[in-house]
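What follows is a set of notes on a single structure, which appears directly below.
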Amino acid sequence: MSAHYLDKIKAFQQQNENRYRIVISCPDQPGIVAAVSEFLYKQQANIMESNQYTTDPDGGSFFLRIEFECRQDGDTQQELEQGFRQIADHFRMEWQLVRVRHLKKLALFVSKELHCLQEILWEYQSGNLMADLAVIVSNHEDARELAEAYDIPFHHIPANKDIRQQAERQQLELLEQYDIDTIILARYMQILTPVFLENYKNKIINIHHSFLPAFIGAKPYERAFERGVKLIGATSHYVTSDLDEGPIIEQDIHRVNHKDKAEDLKRVGRLVERSVLMRAIKWHVDDRVIVYGNKTIVF
């Protein structure tokens, strides 16, 4: 990896040495923000950013993301977690406290289409994606040269419906070896089994090359062309056992017309795919996405 990128990472970690994020979801009731704010005040923390949302003021769900700085000695994160548990239990919170300087470890899964992978690697090398791209996994050899150019470990694991369980065992062993936090399916054209998904609930991000819920499944551009659509799009979502129906993180569209053939839709669509997936990844690594049922709150 280039010295420029390493300098960017080092600067980011130095700038965020004392910065944390706390992400909360719980049943809505009075006093949540006051309790959290008072706790942070007692820890001598300075709130840098705060976002909140309530689904329904009368008995709905409440979501909160706070980014703050807390200058303390010792194991500050452990102390904060221990101190916050009483508040979390009282309000029945699902919560996570994250130290910003600890970068999430990502595994990139890809097949033969490399445009989304290229976008991720470019943003990574440019210092615009603050994450650790730990490994690239593919059921084809096409991405090996690209991975080696960026000095990222590449593993070729053949996969198809006949050897799916065997392939997933190898993949899970690899993910454990690299201590992976999140999996990015950058046009990985294999269906993952429920057993695999159980290990990474809401931590597998996919890019689907259509504006869901339209054209779920295979060959959406061809089907869009046959239908004569005037808009094509892409959808980034968390993966569930229901094909292309997981919680949506981001979507975008581009206008087309009667002159465009299926190949034209693909060409334009690839640009949309790249930007949509990239935004979803950045929001995820910044802990801005909270899953709520089969929806997401994105702060």
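For residues in the stretch 159-176 being in a helix (DSSP H, G or I) and within 17 Å of Ser111 (Cβ to Cβ), which is modelled with the lowest pLDDT? Looking at the filtered set, the residue picked out is Arg164. Counting only strands (runs of 3 or more DSSP E) that sit completely within the stretch 8-83, those holding 1 or more residues that are within 15 Å of Trp95 (Cβ to Cβ) and acidic (Asp, Glu) correspond to 61-70. In the stretch 193-206, the qualifying residues are those that are in contact with a Phe, Trp or Tyr (Cβ under 9 Å, 6 or more places away or on another chain) and surrounded by 15 or more Cβ atoms within 10 Å (Cβ to Cβ), and the one that is farthest from Ala159 (Cα to Cα) is Asn202. Filtering the stretch 155-195 to residues that are under 23 Å from His237 (Cα atoms) and hydroxyl-bearing (Ser, Thr, Tyr) leaves Thr182, Tyr188, Thr193.
If the condition is being of a type outside the set (Lys, Arg) and in contact with a Lys or Arg (Cβ under 8 Å, 6 or more places away or on another chain), then the stretch 250-270 contributes Glu250, Val256, Asn257. Scanning the stretch 37-60 for residues that are closer than 15 Å to Ile290 by Cβ and crowded, with 17+ Cβ neighbours inside 10 Å yields a total of 1. Within the stretch 264-282, identify whether any single residue is part of a loop (DSSP other than H, G, I, E, B) and in the same structural domain as Ile120 (by TED's automatic domain parsing), and answer yes or no. Among the residues of the stretch 264-282, not one is part of a loop (DSSP other than H, G, I, E, B) and in the same structural domain as Ile120 (by TED's automatic domain parsing), which makes the answer no.
In the stretch 67-75, is there at least one residue being surrounded by 17 or more Cβ atoms within 10 Å (Cβ to Cβ), outside the structural domain of His209 (by TED's automatic domain parsing) and modelled with pLDDT of 95 or more? Scanning the stretch 67-75 turns up at least one residue that is surrounded by 17 or more Cβ atoms within 10 Å (Cβ to Cβ), outside the structural domain of His209 (by TED's automatic domain parsing) and modelled with pLDDT of 95 or more.
Hey, any hits in the stretch 216-230 for a residue that's of a type in the set (Ser, Thr, Tyr), buried (at least 21 other Cβ atoms within 10 Å of the Cβ) and closer than 25 Å to Leu106 by Cβ? No, the stretch 216-230 contains no residue that is of a type in the set (Ser, Thr, Tyr), buried (at least 21 other Cβ atoms within 10 Å of the Cβ) and closer than 25 Å to Leu106 by Cβ.
Checking each residue in the stretch 190-211 for being under 16 Å from Arg274 (Cα atoms), among the hydrophobic types (A, V, I, L, M, F, W, C) and either part of a loop (DSSP other than H, G, I, E, B) or touching a Cys at 6+ places or on another chain (Cβ under 7 Å) (or both) picks out Ile207, Phe211.
The values are calculated or read from the model by the stated rules, or taken from the named source; none is laboratory data. Since the model is a prediction, treat every value here as computed from it, not as a measurement. Neighbour counts are summed over all protein chains in view; Cβ atoms, including those assigned to glycine, are modelled from backbone coordinates with ideal geometry.
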